[in-house]
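Worksheet: one structure, shown below.
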Amino acid sequence: MEDKKINILLIGNGGREHALAWKIHQSPLLNKLYCIPGSPGIEEFAESVNVDGDDLKGMLDFALKNDIGLTVIGPEIPLVNGVVDLFEQNGLKAFGPSQRAARIEGSKIYMKKLLRKHNIPTAEFVAFNDYKAALLHIESVGAPLVIKTDGLAAGKGAYVCKTLEEAEKAIQETMIDKVHGESGSNIIIEDFMPGEEASLFVFTDGHNIYPLESAQDHKPIFDDDKGPNTGGMGAYSPAPILTENLLNDVLERIIVPTVHAMNSDDSTYKGLLYAGLMMTPKGPKVVEFNCRFGDPEAQPVLMRMKTDIVPVLLSCCNNNLHRQMIEWHPESAVCVVMSSEGYPGSYSKNKTITGLDKNYEKGVVFHSGIRKSGEQYLTNGGRVLGVTGMGANLEEAISNTYDIVDHLSFDGAYYRKDIGSKGLGK
Ligand code: GLY
């Protein structure tokens, strides 16, 4: 059954989806790849379909008419809005969690209550829907602390506050100014967790769990982890901080109990579960769960995946993940995000990008926010490029990646200069 060639539909248009298209395109099981809405980079591997990225019914109609054997959903919003349920109700296979299961990312309050109920290690928290009560709470507990919107905020809804003034500002922005819309009507206030972060993705069919190689993201905009959080400014894989012992600990005390907890909550989780982890002095603790591949972590992780991804994705839908064996390239991979000046705040678009017409021997330039006008590539988002390179070890991967970055430019291009340095112990 699984050696028949199929048409695949990919949903999304960012760097993560470009990396997924790059990987899926290599599969001998692929007949034709389509993408909704797609991007100029993805079009190298897939036919773009003119359906809006939020139009679930439009996606379903396209899939039904085009003999789609598997739909792979990149971003969280269609998952949280129930795209997998809609496809399955219509007899189609879709890789990703159901709407109930996607609450693990869609509502921080849901996720934190689930972890608390099942004694899964995470920071202590209190939830608020009242501005004054939230202010009283921070005055009583003091800084440092972390404030997060309950709902989705494109990776920008978490505020690490070192002072009470920063915390007051975060509560004002989220609950009163509504900079993240209704996502900030409810917030959680968490204890600050010291330590270094790592990301671990696992494939699961709801019962079997298969960890991917580890990665480390770089969320703050500036070097040395300074400045406001972004969707992620770069990543590398593997992350040496997640040693084999720690990985086993994370699987035993965090991942397996979470997958079981989801089952017992009638929210069986299938697809890719992303655990954002803090390596605290008291052991690994959950920072967040996401219901999809991380962006930019997907770029280096997928570049290192040797095995065909399509049977793995299908097996998560078909409840037979135990039949899969995933092999990895032993080399390191690094992704450096080039962003528009001003991101994660406001930024301008339509700057001409140069250097995209070349093929780079040691890596791939994934397109995060780009559009094409005639033969010209123009910036079209906050995160513009995910430059991803490989090397025999992390040091070489960093050097190869920044060599490619040096060939790319656009007006106001910004990137961190320290991606991967924590992995080198610097
Ligand atoms: N890189 C963080 C995220 O994908 O949410």
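Beyond 13 Å, what share of the Cα-Cα pairs of region 265-304 is found? Please give it as a whole percent. Walk me through the numbers on the way to the answer.
Values: 498 of 780 pairs.
That tail contains 64 percent of the Cα-Cα pairs.
At a 10 angstrom cut-off on C-beta neighbours, averaged per residue, how do the peptides 231-239, 391-399 rank from highest to lowest?
On the way: 231-239: 28.1, 391-399: 17.9.
The densest-packed peptide leads the list: 231-239, 391-399.
So for region 255-340, considering every pair of alpha-carbon atoms, how many percent are separated by more than 23 Å?
Details: 1355 of 3655 pairs.
Of all Cα-Cα distances in region 255-340, 37 percent exceed 23 Å.
In region 344-426, how many lysine pairs have Cα atoms under 26 Å apart, counting only pairs 8 or more places apart or on different chains?
So the count works out to 13.
Over the Cα atoms of region 349-426, what radius of gyration and what Dmax do you get, in Å?
13.3, 45
Hey, what number do you get for the chain at 222 nm if only DSSP H runs of n ≥ 4 count, each worth -39500 (n - 2.57), divided across all residues, to the nearest 500? Don't jump to the answer; show the numbers that get you there.
Details: 13 runs with 109 residues, N = 426.
That comes out to -7000 deg cm²/dmol.
If only Cα atoms are counted, what is the Rg of the chain, and what is its Dmax, in Å?
For the chain, the Cα-based Rg and Dmax read 20.5, 62 Å.
Take Arg292, Arg103 and order them by how many other Cβ atoms sit within 10 Å, fewest up front. If you can, show how the numbers build up before the last one.
Working: Arg292 27, Arg103 21.
Least crowded to most crowded, the residues run Arg103, Arg292.
Listed here are the pairs Lys113/Lys169; Lys226/Lys270; Lys132/Lys219; Lys108/Lys162; which of them are more than 31 Å apart at the Cα? Walk me through the numbers before you get to the answer.
On the way: Lys113/Lys169 26 Å; Lys226/Lys270 35 Å; Lys132/Lys219 29 Å; Lys108/Lys162 21 Å.
In this structure, Lys226/Lys270 exceed 31 Å between Cα atoms.
If each residue of separation counts as 0.36 nm, what is the full-extension length gain between Lys226 and Ser348 once their alpha-carbon separation is subtracted?
Length difference between fully extended and current span is 41.7 nm.
Set the Förster distance to 56 Å, then compute FRET efficiency between Glu341 and Lys4 from the Cβ-Cβ distance, nearest 0.05. Mind showing how you got there, number by number?
Details: r = 48 Å, r/R0 = 0.86.
After rounding, the FRET efficiency stands at 0.70.
Please name whichever of Ala215, Phe410, Ala261 sits farthest to the positive end of the charge dipole of the chain, dipole taken about the Cα centre and charges placed at Cβ: Lys and Arg +1, Asp and Glu -1.
Positive-end residue among those listed: Ala261.
Which of the DSSP-defined H helices in the chain satisfy a minimum axial length of 15 Å, computed from C-alpha atoms, and a minimum mean Kyte-Doolittle hydropathy of -0.5?
On the way: long enough: 131-141 (16 Å, 0.65); 394-405 (16 Å, 0.17).
Taking the DSSP H segments of the chain (at least 15 Å long, mean hydropathy at least -0.5), we get 131-141, 394-405.
Going by how many other Cβ atoms sit within 10 Å of their own, how do His18, His329 line up, fewest first?
So the residues, fewest neighbours to most, are His329, His18.
Order of 62-71, 23-32 by packing, highest average Cβ count within 10 Å first?
Working: 62-71: 17.7, 23-32: 16.0.
Ranking the peptides 62-71, 23-32 by packing returns 62-71, 23-32.
Taken together, the values in this text are just the output of simple stated rules run on the coordinates, not laboratory data. No experiment lies behind these values; they were computed from the predicted model shown. Every residue, glycine as well, gets a Cβ built from its backbone with ideal geometry; the counts of neighbours run over all protein chains shown.
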